[in-house]
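The values are calculated or read from the model by the stated rules, or taken from the named source; none is laboratory data. Just so we're clear, the structure is a prediction, and the values are computed from it rather than from any experiment. In this analysis, Cβ positions are derived from the backbone assuming ideal geometry, glycine residues included, and neighbour counts consider all displayed protein chains. Surface areas here come from the heavy atoms of the whole protein model, side chains and all, with no ligands, DNA or RNA. Shrake-Rupley method; radii C 1.70, N 1.55, O 1.52, S 1.80 Å.
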Amino acid sequence: MVNFTILSGGFSAFIATYVFDSDTSTLTLLKQNPTGQNPSWIASHQQNTSILYAVNEVSPVGSLQSFTVDQDGGLTLVDTVTSGGSGPTFTNLLSTGEVSAMNFGSPNSSFVATIPDDPIHFARDSPVVDFPVGDGPSNPHMSLEFNGEVFVPDLGADKIWRLVNDGVPGKFKVQGQIDQDAGSGPRHIAIQDNILFTIHEKTSTLTAQAIPSAPNGTTLPLIANVSIVPSDVTFNGSFFGAEILISEPTEKFPDPLIYVSNRNLGPEFDERGDTIAIFEFKNANPCTTVFGYAGSTTTVCPPERREHTRQWTRQESNFTGSLTLLAQVFTGLKQIRSMSLGRVVDGGDEFLIAGANVDGGVVVLRRIDGGRNLTLVTRNEEVANRTSFVFI
């Protein structure tokens, strides 16, 4: 028997603990762990799954919380600190020890330092990062660490900010941006082989583009730009993209595939629920010419990667490629805000879990056909508003 323990945040005052039994195809609500209000996004410590972080998505000032996780998925609150802004909607842990808080209701974000050798406790002197939008809108929605930078998609400003540490733990600054199409609303991002994939909320599109060298404000042309909305829509709906995941290649699932979620906000709805769209990116020219110190050059082709954050000073890319829709999977969920793949290490990546912000509960889907499709395994509707998930 293989059991997977899964934590789930939402718009409530608790984080739910589920147990998914892959042999009996059941998803059981084990407990509801008390938290601050609206722990809408949760994130596990990458090296220690007994540590969990959560935002409290409230106004006018939100919070970050840390918890210990016991072997049964129970939580104990350890520390709480301000997020420095309104309505934090996302958090994750950086490799340098800071925990992010994306303040959707403010033109700023926080990267709260943790105590050295004590990642469960927060420092109290980490300043917010203000985004240079003047009087314009700014709604930062996610943070993603990549090659010594932190990328922050800003749904309101139509930019992806590029941040770096500014000398001391917890202090960051904007060093550049990647502009997005006006009105597209970049919400969440993923990076694979130096290609930036962005899910745009307002246009319900998925784009791919090479990442230009930093620090600057250069934006390279889009490689691909596709709609994520089902093609057979015949009713009056309004669609908004939400989440993006890229699977890790394994022997069982050899191709990195892209999973994105649709949200239909009405006024008319599909009785089959919202969909998860599955895409494959085919790179026609996957090699990158990389310029290093003293004018040296080399050619990097996936899966080779350069991990040292200061190894290269400039990159130029000749990427071309296409995004192909493989499947539109109807989930029975109303407004999918988030979803998560299980961990490769224990075979959990065979499964994807997603939740409804409104109706439909939580579903577990099995990846089939090498990940090119999904099939429903089980559903649990005991609690509503499940908006983020962590496999532990």
(request) Would you be so kind as to identify which of G156, F172, L196 lies farthest towards the positive end of the dipole of region 134-209, taking Lys and Arg as +1 and Asp and Glu as -1 on Cβ and the Cα centre as origin? (result) F172
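Express the carbon and sulfur contribution to the solvent-accessible surface of region 8-75 as a percent, rounded to the nearest whole number, probe 1.4 angstrom.
In region 8-75, the share of accessible area belonging to carbon and sulfur is 48 percent.
For the chain, what does the relative contact order come out to in percent, with C-alpha contacts under 8 Å and a separation of six or more?
Relative contact order of the chain: 12 percent.
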(request) Can you tell me the relative contact order of region 120-265? Whole percent, Cα pairs under 8 Å, sequence separation 6 or more. (result) 15
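Pulled fully out, how much extra length does the chain show between I368 and Q46, if you take 0.36 nm times their separation in residues and subtract their Cα-Cα distance?
Values: separation 322, 0.36 × 322 = 115.92 nm, distance 2.68 nm.
Residue separation times 0.36 nm, minus the Cα-Cα distance, leaves 113.2 nm.
Taking N as the number of residues in region 335-392, what value does Rg over Cα atoms divided by 2.2 N^0.38 Å take?
Working: Rg = 11.3 Å, N = 58, 2.2 N^0.38 = 10.3 Å.
Normalised Rg, Cα atoms only: 1.10.
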(request) Please turn the phi angles of region 95-110 into ³J(HN,Hα) values with the Karplus equation 6.51 cos²θ - 1.76 cosθ + 1.60 (θ = phi - 60°), one per residue in order, whole Hz, x for glycine and proline. (result) 5, 8, x, 7, 10, 7, 9, 8, 7, 4, x, 9, x, 7, 9, 10
(request) Mind checking the full-extension length gain between D255 and V78? Use 0.36 nm per residue of separation minus the Cα-Cα distance, one decimal, nm. (result) 59.8 nm
(request) Classify the chain as rounded, prolate or oblate from the Cα gyration tensor: take a ≥ b ≥ c as the square roots of its eigenvalues, call it rounded if a/c is under 1.5, otherwise prolate when a/b beats b/c and oblate if not. (result) rounded
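Would you mind getting me the FRET efficiency between S59 and A13? Use the beta-carbon distance for r and R0 = 22 Å, nearest 0.05. Walk me through the intermediate numbers first.
On the way: r = 16 Å, r/R0 = 0.72.
It comes out at approximately 0.90.
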(request) In debye, nearest 20, what is the charge dipole magnitude of the chain about its Cα centre with +1 on Lys and Arg Cβ and -1 on Asp and Glu Cβ, if you could check? (result) 400
(message) Checking the cross-link filter: which lysines have an alpha carbon closer than 27 Å to that of K334, excluding same-chain neighbours under 8 positions apart?
(response) K31, K202
(request) Taking the dipole about the Cα centre of region 94-148, with the C-beta of Lys and Arg at +1 and of Asp and Glu at -1, give me whichever of N108, S138, P119 is farthest to the positive side. (result) S138
(message) Please compute the modelled spin-label separation between Q32 and S227, points set 7 Å along Cα→Cβ, answer in nm with one decimal.
(response) 4.0
